[in-house]
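The values are calculated or read from the model by the stated rules, or taken from the named source; none is laboratory data. Just so we're clear, the structure is a prediction, and the values are computed from it rather than from any experiment. FYI the Cβ positions are ideal-geometry reconstructions off the backbone, even for glycines, and counts take in every protein chain you see. Calculation scope for accessible area: heavy atoms of the full protein, side chains included, ligands and nucleic acids excluded. Shrake-Rupley method; radii C 1.70, N 1.55, O 1.52, S 1.80 Å.
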Amino acid sequence: MIIFSLETSCDETACAVLKYENGSFSILSNIVSSQVKIHAKWGGVVPNLAAREHLKNILPVIKQALQEAKVQPKEINFLSVTNQPGLIPALLIGTSVAKTLAYLWQKPLIGIHHLEGHIYANFIDLNLNSQKINFPLLSLVVSGGHTQLVFMKKHLDYQIIGETLDDAVGEAFDKVARILSLGYPGGPLIAEKARLFKSQPTAHYQFLKVPLPRPMIRSDNLNFSFSGLKTAVLYETKKNKTLLKNKDYINELCNEFQQATIDVLIFKTLRAIEKYRPQTVLLAGGVAANQELQKQLATVLKEKNSTLHFIAPPIQYCGDNATMIGVASYFRWKNMTNQQKEQSQINWKTLQTKANARLKN
Ligand code: KG4
Ligand code: ZN
């Protein structure tokens, strides 16, 4: 089975061609054209600039993906595209192009929720015949736009059991990086400063007098809040303006900020495990690329419950890409009735975009 997929919900124009055979996916091509350099000036994604760049890049990206995959349109079984949630001007480009191609090639088209794609990035490298993922499953979804704990009793079945009440964790990384004038996107930059701090022979704090807050860590629910943590970093830097050029201070502050987010994410995940008793925990979204988060979560889960299986996506598929959309659409397709498959033949006409859709079955 050959799947052609597109992703343009934020600031990456992405196209992938996948082959599914004997329980596993082969990635025939995976093209990602990133706009981060363009948005870096503004410290965040500017929706209309994103749309302009998608428009410019999408056809060359598709051409390259088809050429690398050495696939003719007639060999493709179906198309899939991220149609929700995201920046509307950006979603519209990918969705309109996918609809045009579905019409032109006379193929079924499947709309995919962006977070479903991030969750299914965990299945890219698995052999579905031999490597069984046991349900129920708990997903910790951490991206630039979302922070959610999602409980899944089976494939494509989502119950959001906790989420952020304000900023997403990736957004907090980006905003803190902006406060510290580090650049955009902030996640990898802060992670690198924290790594430098940790790699010192004596990695103890010399500047920070009090720890940063761990917001809502003790609250009796599974929700998160990261906006106060970002503000605490802002106050800390206002108090210590003269230290802002001191690399050791910045590294220390980045480590403390990163550790505060990790502490909260781990604590709430453990609370969710206690309540919902999953057999598998998976990490998803751009922030899943954070090695310290992966390492600490894996260690704690092993200590607490050695039978619990922990998985994270291959690092190159943590951020936005179209391969994860293709993999999610395979599971959708497999689950469809013949009537639903028939219906997807006319999605070239009917598929719509949604800016704020929640993950649902
Ligand atoms: O999933 P993603 O690529 O886009 C959205 O769906 O939002 O996530 C992007 C976010 C950005 O906020 C970026 O700073 C963050 O993921 N990120 C990281 C790391 N790599 C990317 N955050 C922490 N540590 C990282 N290594
Ligand atoms: Zn994403």
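The residue that is farthest from the chain's Cα centre (by Cα), counting only those in the stretch 265-293 that are part of a strand (DSSP E or B) and away from ligand 1 (no atom under 16 Å from the Cβ), is 280. Every listed requirement among (1) surrounded by 19 or more Cβ atoms within 10 Å (Cβ to Cβ); (2) in a helix (DSSP H, G or I) is met by residue 167 save one, (2). Of the residues screened, residue 304 is not one that is of a type in the set (Lys, Arg) and without any contact (Cβ under 8 Å) to a residue 24 or more places away in the chain. Residues in the stretch 71-92 that are among the β-branched types (Val, Ile, Thr) and within 20 Å of the chain's Cα centre (by Cα): 81, 82, 88.
Residues in the stretch 1-41 that are hydrophobic (A, V, I, L, M, F, W, C), more than 16 Å from ligand 2 (Cβ to nearest atom), open to solvent by 30 Å² or more (accessible area, probe 1.4 Å) and touching a residue at least 40 places away in the same chain (Cβ under 8 Å): 1, 27, 28, 40. Residue 222 fulfils the conditions (1) in contact (Cβ under 8 Å) with a residue 12 or more places away in the chain; (2) under 27 Å from residue 199 (Cβ atoms); (3) not in a helix (DSSP H, G or I) except for a single criterion, (2). Listed by position, the helices (runs of 4 or more DSSP H) enclosed by the stretch 314-361 that each have at least 2 residues that are farther than 21 Å from residue 125 by Cβ are 338-344, 347-350.
Here's the yes/no breakdown for (1) outside any strand (DSSP E or B); (2) surrounded by fewer than 20 Cβ atoms within 10 Å (Cβ to Cβ):
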residue	(1), (2)
89	yes, yes
98	yes, no
128	yes, yes
131	yes, yes
141	no, no
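Here 9, 5 are screened, and the one residue that is modelled with pLDDT of 95 or more and in a loop (DSSP other than H, G, I, E, B) is 9.
All conditions but one from (1) away from ligand 2 (no atom under 12 Å from the Cβ); (2) in contact with a Gly (Cβ under 7 Å, 6 or more places away or on another chain); (3) assigned to a loop (DSSP other than H, G, I, E, B) apply to residue 155; the one that does not is (2).
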